[in-house]
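Worksheet: one structure, shown below.
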Amino acid sequence: MSEASVAVHADADLLAQAVAARLVVRLLDAQAERGQASVVLTGGRIAAAVYRAVGALPARDAVDWSRVDFWWGDERFLPAGDPERNETQARAALLDALPVDPSRVHPVPASDAGADPEEAAARYAAELARAARPGTAVLPHFDVLMLGVGEDGHVASVFPGHPVHHESRPVSAVRGSPKPPPVRVTLTLPAINTAEEVWLVAGGADKAHAVGMALGGAGPVQVPAAGVQGTGRTLWLLDRAAAADLPARFRSLR
């Protein structure tokens, strides 16, 4: 597993632009290496800004978007097209404007897809397994997996103290989420930690305490973000407000 590194940007707008530029470069590098790329998307206000920033970059056209697989780290268990779904946000902010291959866009099953949350989680796990290298893994290769960080330190829909911490399967239903809506589907921490690069993106003063706790040695049950590591790189991408409580070893970055 990788040691965490931190990059701090002056404000939320610059943070979104920087993450967008990094994402385009990372996808280009993956396609140069493997002929294709795979990204796990997240939701939230910073994520939406990142997706809009990607769409505004002239360099976006250097990516062969038809050879990018799009997954989601978690999803609110709501009907397809609901504005609160992370899929809906990503499509409106970016995917609908790109020449993507529809078969490579992999949304989590919606609540009106004829399954309960547990079955939706099982279906998503099966779709992930189908995209994995035959006979070697139950998950595909993720070049980059993006995560927002909640005010309580949650990532995806893994919340502090929630039973999902003890889940070994790659995808789990989440009931009783402390943040609405109460029912969700999420990648678990073991699945998240298979990604080559994990990017934790946080902006705003309301995230500063959680960021400081996660990087300061808190346990993953107390602060789930502390339990996230990419196999090759773990990168915290922050604005100055979210970086206000960084541990001493990172304070020169603020």
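Conditions (1) of a type in the set (A, V, I, L, M); (2) under 16 Å from the mean Cα position of the chain (by Cα), marked per residue:
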{"residue": "LEU200", "(1), (2)": "yes, yes"}
{"residue": "ASP206", "(1), (2)": "no, no"}
{"residue": "GLY212", "(1), (2)": "no, no"}
{"residue": "ALA218", "(1), (2)": "yes, no"}
{"residue": "LEU238", "(1), (2)": "yes, yes"}
Completion exercise
Just one listed residue, out of ALA225, ALA243, is open to solvent by less than 30 Å² (accessible area, probe 1.4 Å), over 15 Å from the mean Cα position of the chain (by Cα) and hydrophobic (A, V, I, L, M, F, W, C), and it is ALA243
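Hey, any hits in the stretch 93-107 for a residue that's over 26 Å from ALA21 (Cα atoms), of a type outside the set (Val, Ile, Thr) and in contact with a helix residue (DSSP H, G or I) (Cβ under 9 Å, 6 or more places away or on another chain)? Lay out the reasoning, then the answer.
Narrowing the stretch 93-107 to residues over 26 Å from ALA21 (Cα atoms): none.
So far as the stretch 93-107 goes, no, none of its residues is over 26 Å from ALA21 (Cα atoms), of a type outside the set (Val, Ile, Thr) and in contact with a helix residue (DSSP H, G or I) (Cβ under 9 Å, 6 or more places away or on another chain).
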Handout entry: the stretch 13-40, residues that are assigned to a strand (DSSP E or B) and surrounded by fewer than 23 Cβ atoms within 10 Å (Cβ to Cβ)
Key = VAL39
Practice task
Would you mind finding the one in TRP65, TRP72 that is of a type outside the set (Gly, Ala, Ser) and out of contact with any helix residue (DSSP H, G or I) (no Cβ under 7 Å at 6 or more places or on another chain)?
Solution key: TRP65
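Could you check how many residues of the stretch 41-77 are aromatic (Phe, Trp, Tyr) and in a helix (DSSP H, G or I)?
Total meeting the criteria: 2.
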Problem - VAL155, sole failed condition from (1) under 21 Å from THR231 (Cβ atoms); (2) free of Cβ contacts under 8 Å to residues at least 60 places away in the same chain; (3) not charged (D, E, K, R) - result: (2)
Exercise for the section: Please specify each residue of the stretch 86-96 satisfying the condition of being hydrophobic (A, V, I, L, M, F, W, C) and part of a helix (DSSP H, G or I). Expected result: ALA90, ALA92, ALA93, LEU95
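For residues in the stretch 110-125 being in a loop (DSSP other than H, G, I, E, B) and not hydrophobic (A, V, I, L, M, F, W, C), which is most open to solvent (accessible area, probe 1.4 Å)? I'd like the intermediate steps shown before the answer.
Let us first name the residues in the stretch 110-125 that are in a loop (DSSP other than H, G, I, E, B), namely 110-116.
Okay, now just the ones that are also not hydrophobic (A, V, I, L, M, F, W, C), so 111-112, 114, 116.
Working: SER111: 40, ASP112: 97, GLY114: 69, ASP116: 78 Å².
Step by step, filter the stretch 110-125, then rank; the result is ASP112.
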Handout entry: Filter result for the condition that a residue is in a loop (DSSP other than H, G, I, E, B), modelled with pLDDT of 95 or more and under 14 Å from SER38 (Cα atoms), over PRO107, PRO99, PRO83
Key = PRO107
Handout entry: Options LEU128, LEU139, LEU95; residue that is of a type in the set (A, V, I, L, M), out of contact with any Lys or Arg (no Cβ under 6 Å at 6 or more places or on another chain) and open to solvent by 10 Å² or more (accessible area, probe 1.4 Å)
Key = LEU139
Practice task
Pull up the stretch 2-12, narrow it to residues that are assigned to a loop (DSSP other than H, G, I, E, B) and either over 19 Å from the mean Cα position of the chain (by Cα) or among the hydroxyl-bearing types (Ser, Thr, Tyr) (or both), then point me to the one that is modelled with the lowest pLDDT.
Solution key: SER2
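The values are calculated or read from the model by the stated rules, or taken from the named source; none is laboratory data. Computed from a prediction, not measured in an experiment: that's the story for all the values here. Note that we place each Cβ from the backbone using ideal geometry, even for glycine, and neighbour counts take in every protein chain shown. In case anyone asks, the SASA skips ligands and DNA or RNA and just uses the protein heavy atoms, side chains included. Shrake-Rupley method; radii C 1.70, N 1.55, O 1.52, S 1.80 Å.
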